[in-house]
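Everything on this sheet refers to the single structure shown next.
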Amino acid sequence: MIKLKEVALCLRAVNYSDTSQVVTLLTREHGKIAAIAKGARRPKSAFDGAIEPFAYGQVMVMISESHDTLSTLTEFVQSGRFRSLRSNLAAMHAGLFALELTEASFEQSDPHPTLFDALVDMLDRLGQYDKMQAVLPVLIDYQLTLLDEAGVAPRLDACTNCGAPTGSGGKDLYFSSAANGLLCGGCEQAFTEKRRLSPACCAMLNRRAAFTAAPPALLTEAEQLLVYHFTELMHRPPKMAKYFVTRANAMS
Amino acid sequence: MNPAYTQSLNKLIEQFGNLPGIGPKTAERLAFHILKAEPQEALALAEAIRDVKTNIHQCRVCFNLAESEVCGICADTRREHNVICVVEQPKDVISLEKTGLCRWVYHVLNGHIAPLEGVEPDDLTIDALVKRIRAGGVTEVVMATNPNLEGDGTSLYIHSLLRNMDVKVTRLARGLPTGSAIEFSAASILQDAILGRTPF
Ligand SMILES: [Zn+2]
Ligand SMILES: [Zn+2]
């Protein structure tokens, strides 16, 4: 057993018994950890009450050295940092979407401190907004960071097949998850798995600093593309996706 | 399955064992109690179980448990039918009624929205709630979903549907439990108490 004291964010929590929970935590230095929190559902516990997604604070975990046993959470000092996510629906949904994708993208004990910081920052920013329009740029920005940190950043500045620049001409472009990036007009016919992308949306995706000022239609198109891409990567649609784009949109 | 027992006895033990909080030993003890009991006493239990399953259904108006088309609360004309308290399950109605403070009527959602578990708004009785309010005569909707992430999300969703309707939406207060101490309170509870403070 290794004793670990760290800052953590709860990605997921399931009730394990009348009194216990199994929680998936993201820690900055040790990555994802699944741990049992015994007695967490009792009114008085060492976890400041039941642990829910977005719970954030100092944790103490006894890390199990064998892969088939759960680690044990012995303490969680919850700071209440992301409380404002509980009072607006669009932000709560975007936050849950970020947690779901983060959990699906990494194995346990694979630390990504930059991603941890990006996620915490994203949740802080979400807490300040309540309109879907304001929430989307924050979500899209995080989804691109997540792909980057997972080592699968798609190529968006040129054709991923031949390297031809795709910025000019104003013609529709294509995106392929299997090719992991854009396809130019000359290459797209060779790929069956692909999705149309407008040049304007492509230009926006290459200028992340400009997301917050982007028109809603382009942000929606970008989110549809990302949902399509994550669906291909995960071999199923993410559960939170339908709160952002309808499934038909994501697949078209 | 104990081969020393008859088939019927084993079946009864198995049924008791399926109940929450009942282990194999207790199941056996209960089954033997029934076996030894007077026929009248044992059959009264069987009848009570059958009645619960055949007589109790959902209230047509509020989806609370009812033995007639409309539950006792909805049928009570002395209650304040202009105030609807929204709860997740019938058990919550019972808890709230025990306080003796409630004069309002209820709406039971039959659960909460849980996007990650695939429970969506359509799986609950939200449509019926909106129809009740649209029908008029309702001045206040009190959100009494559980104060956890799913409960809060469910209330937010319902609130978003009611935003353009002429009805006041409130929710139960949260914060420091009576008899507790500030020193030992979690940050989230203190935040609720600070932000939700009320005039003295
Ligand atoms: Zn090409
Ligand atoms: Zn009723």
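The values are calculated or read from the model by the stated rules, or taken from the named source; none is laboratory data. Given the structure is predicted, the values throughout are model-derived calculations rather than measurements. Using ideal geometry, Cβ is built from the backbone for each residue, glycine included, and neighbour counts are taken over all protein chains shown. Side chains included, ligands, DNA and RNA excluded: accessible areas come from the protein's heavy atoms. Shrake-Rupley method; radii C 1.70, N 1.55, O 1.52, S 1.80 Å.
Confirm whether B:GLY118 is of a type in the set (Gly, Ala, Ser), surrounded by 12 or more Cβ atoms within 10 Å (Cβ to Cβ) and more than 16 Å from ligand 1 (Cβ to nearest atom).
no
The rows are residues; the columns are (1) at negative phi; (2) among the hydrophobic types (A, V, I, L, M, F, W, C); (3) surrounded by fewer than 20 Cβ atoms within 10 Å (Cβ to Cβ).
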site: B:VAL86; (1), (2), (3): yes, yes, no
site: B:TRP104; (1), (2), (3): yes, yes, yes
site: B:ASP123; (1), (2), (3): yes, no, yes
site: B:ARG134; (1), (2), (3): yes, no, yes
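Applying the selection to the stretch A:87-119, what residues are within 12 Å of another protein chain (Cβ to nearest Cβ), modelled with pLDDT under 90 and open to solvent by 40 Å² or more (accessible area, probe 1.4 Å)?
Matches in the stretch A:87-119: A:SER87 only.
Any idea which of (1) more than 11 Å from chain B (Cβ to nearest Cβ); (2) buried (at least 21 other Cβ atoms within 10 Å of the Cβ); (3) touching a residue at least 40 places away in the same chain (Cβ under 8 Å) is the one A:ALA35 doesn't satisfy?
Looking at each condition in turn, A:ALA35 falls short on (3).
Restricting to the stretch B:169-200, name every residue that is loosely packed, with under 12 Cβ neighbours inside 10 Å and either more than 9 Å from chain A (Cβ to nearest Cβ) or at positive phi (or both).
If the condition is that a residue be loosely packed, with under 12 Cβ neighbours inside 10 Å and either more than 9 Å from chain A (Cβ to nearest Cβ) or at positive phi (or both), then B:ALA173, B:THR178, B:GLY179, B:ALA181, B:ILE182, B:GLU183, B:ILE194, B:ARG197, B:THR198, B:PRO199, B:PHE200 are the ones that fit.
Count, please, the residues in the stretch A:47-66 that happen to be open to solvent by 50 Å² or more (accessible area, probe 1.4 Å), in contact (Cβ under 8 Å) with a residue 40 or more places away in the chain and either farther than 13 Å from A:CYS10 by Cα or facing chain B (nearest Cβ under 9 Å) (or both).
2
Is there any pair with a first residue in the stretch A:177-188 that is over 18 Å from A:THR231 (Cβ atoms) and within 14 Å of chain B (Cβ to nearest Cβ) and a second that is of a type in the set (A, V, I, L, M) and more than 8 Å from ligand 1 (Cβ to nearest atom) whose Cβ atoms are under 9 Å apart and which are 6 or more apart or on different chains, and what are they?
Going by the 9 Å Cβ cut-off, there are no qualifying pairs.
May I ask you to verify whether B:THR99 is away from ligand 2 (no atom under 11 Å from the Cβ), hydroxyl-bearing (Ser, Thr, Tyr) and either within 14 Å of another protein chain (Cβ to nearest Cβ) or open to solvent by less than 90 Å² (accessible area, probe 1.4 Å) (or both)?
In short, yes.
Identify all residues within the stretch B:60-75 that are more than 6 Å from ligand 2 (Cβ to nearest atom), surrounded by fewer than 21 Cβ atoms within 10 Å (Cβ to Cβ) and within 18 Å of B:THR125 (Cα to Cα); write none if there are none.
B:ARG60, B:LEU65, B:GLU69
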